[in-house]
Amino acid sequence: MRTNLDHDVFMKKGKSEPDQIPFGYSELSHKRKTEGYNAQSTMREIMFSSVQESKKNKSAVKPAQAPSPERLRRDANNAARIKAVAEGKSEFQGQCAHHGQQTFKIKSKGEEHICIICRDKHSVKQTIKRRKKQVAA
Ligand SMILES: [Zn+2]
């Protein structure tokens, strides 16, 4: 009884398998077995491609990891301003993109800051504008 059942299962398996598995697939698995194309080398390929992936990801996120000098300058100025505001000061020493190390005035209730030279230039421009307006009017 039992041997008959086993025999039946074996027969069914042997009969159906070649039909179900595509030719290309069985050819490939045969190749892997015969040419030492084993699980280990497949693993190596997966590792290699994942390394390639992470390299791609690294270069994609590089700008965020290495901020630009301008970004660093702004961050440093913001940090210095926040510290100065916390200490009740109205100015701090910061780096201006145009004038280098300068005294910065804190404005807008501690939310903004401006280099005193930039501020002076800005106010000079405004004064010139005002004068021109007055001349025109
Ligand atoms: Zn400036």
(message) Checking Val135 against (1) away from the ligand (no atom under 16 Å from the Cβ); (2) surrounded by 13 or more Cβ atoms within 10 Å (Cβ to Cβ); (3) aliphatic (A, V, I, L, M): exactly one of these is not met. Which one?
(response) (2)
(message) Step by step: first the residues of region 86-106, then only those that are hydrophobic (A, V, I, L, M, F, W, C) and assigned to a strand (DSSP E or B), then the one that is nearest to the ligand (Cβ to nearest atom). Which residue is that?
(response) Cys96
(request) State which residue is surrounded by the fewest Cβ atoms within 10 Å (Cβ to Cβ) when the search covers only region 83-106 and only residues that are among the aliphatic types (A, V, I, L, M) and touching a residue at least 24 places away in the same chain (Cβ under 8 Å). (result) Ala97
(message) Quick test of your reading of the structure: Val124 fulfils all but one of (1) within 16 Å of the ligand (Cβ to nearest atom); (2) modelled with pLDDT of 90 or more. Name the failing condition by number.
(response) (2)
(request) Starting from region 107-121, take each residue that is free of Cβ contacts under 8 Å to residues at least 12 places away in the same chain and more than 8 Å from the ligand (Cβ to nearest atom) and list its partners that are among the aliphatic types (A, V, I, L, M) and not in a strand (DSSP E or B), counting only C-beta distances under 9 angstrom and pairs at least six apart or across chains. (result) Lys109/Val85; Glu111/Val85
(request) Take Asn78 and decide whether it is within 16 Å of the ligand (Cβ to nearest atom) and either at pLDDT 95 or above or of a type in the set (S, T, N, Q) (or both). (result) yes
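The values are calculated or read from the model by the stated rules, or taken from the named source; none is laboratory data. Everything quoted here is computed from the prediction, not taken from an experiment. Neighbour counts are summed over all protein chains in view; Cβ atoms, including those assigned to glycine, are modelled from backbone coordinates with ideal geometry.
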